[in-house]
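Asks: Quick one: structure below, then a few questions.
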């Protein structure tokens, strides 16, 4: 019996940026993407808020169709719409997880409630969550909500490297060290050579969210493990290493 996978994507695009090749490779499995914060206006095209929101969802629908997977669209407001004015409040600065959850307790509760609904309806047995590379507060809230619920449920998890943030060595190192202080994890590289160009085409769907420079960074990162092969890397809790 094939596993049922749920990929927790803080925003439309995160799952594709980080795991697009893997999703394409394993699309014959049962895969659901959950976009947590779809109420957003950030875009790289400088278009107004209303048009941005429409375009963001249009892009996500197209990418989901190309990946041949299921998707649940959340309606939570992203950090920018929750009152964070400066980019440094959202990404790129180390975060005290406990303080963040306390400050964002209402949003955090909403994420957990929606996650429990999806668990009951979809019943996934493997769940992919962001590592939190880059300290993006929406990514961290999504990660922590799943980890808290996991304590009372029987499902496996893996952590995916948030791209393009994982291209930053310090951000990646900090995220790894944070997780390693909490649990034993081991890396698992997924070869996606066959889907490399197809993933690039997927990335280019998100015209409102990503620039050519970031696409190049993602491609470089995928090739950085063992050229000329392309990989996406995830990290898996390893109970064999514990104790």
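Asks: Quick one: in the stretch 78-93, of everything that is within 23 Å of residue 110 (Cβ to Cβ) and over 16 Å from the mean Cα position of the chain (by Cα), which residue is modelled with the lowest pLDDT?
Replies: In this case the residue turns out to be 85.
Asks: Residue under question is residue 55, and the condition is that it be assigned to a helix (DSSP H, G or I) and more than 15 Å from residue 8 (Cβ to Cβ); does it hold? Walk me through how you get there before you give the answer.
Replies: On the way: assigned to a helix (DSSP H, G or I): yes; more than 15 Å from residue 8 (Cβ to Cβ): yes.
The answer is yes for residue 55.
Asks: Of the residues that make up the stretch 191-202, is at least one outside any helix (DSSP H, G or I) and in contact (Cβ under 8 Å) with a residue 24 or more places away in the chain? Steps first, please.
Replies: In the first step, residues of the stretch 191-202 are kept if they are outside any helix (DSSP H, G or I); the result is 191-192.
Pick out the ones that are also in contact (Cβ under 8 Å) with a residue 24 or more places away in the chain and you get 191-192.
Within the stretch 191-202 (the criterion being outside any helix (DSSP H, G or I) and in contact (Cβ under 8 Å) with a residue 24 or more places away in the chain), the answer is yes, since at least one residue qualifies.
Asks: While we're looking at this one, here's another question. Only one of these is buried (at least 17 other Cβ atoms within 10 Å of the Cβ) and either out of contact with any helix residue (DSSP H, G or I) (no Cβ under 6 Å at 6 or more places or on another chain) or more than 26 Å from residue 144 (Cα to Cα) (or both): 87, 81, 55. Name it.
Replies: Numbers: 87 fails: buried (at least 17 other Cβ atoms within 10 Å of the Cβ); 81 fails: buried (at least 17 other Cβ atoms within 10 Å of the Cβ).
The conditions single out 55.
Asks: Scan the stretch 25-39 and give yes if some residue there is under 23 Å from residue 215 (Cα atoms), touching a strand residue (DSSP E or B) at 6+ places or on another chain (Cβ under 9 Å) and in a helix (DSSP H, G or I), otherwise no.
Replies: Looking through the stretch 25-39, at least one residue is under 23 Å from residue 215 (Cα atoms), touching a strand residue (DSSP E or B) at 6+ places or on another chain (Cβ under 9 Å) and in a helix (DSSP H, G or I).
Asks: Mind telling me which of the residues 144, 110, 169, 104 ends up being without any contact (Cβ under 8 Å) to a residue 60 or more places away in the chain and surrounded by fewer than 17 Cβ atoms within 10 Å (Cβ to Cβ)? Show your work before the answer.
Replies: Working: 144 fails: surrounded by fewer than 17 Cβ atoms within 10 Å (Cβ to Cβ); 110 fails: surrounded by fewer than 17 Cβ atoms within 10 Å (Cβ to Cβ); 104 fails: surrounded by fewer than 17 Cβ atoms within 10 Å (Cβ to Cβ).
Matching residue, one of 144, 110, 169, 104: 169.
The values are calculated or read from the model by the stated rules, or taken from the named source; none is laboratory data. If you're wondering where the values come from, they're calculated on a predicted model, not measured in any experiment. Cβ coordinates were reconstructed from backbone atoms using ideal geometry, including for glycine residues, and neighbour counts include every protein chain displayed.
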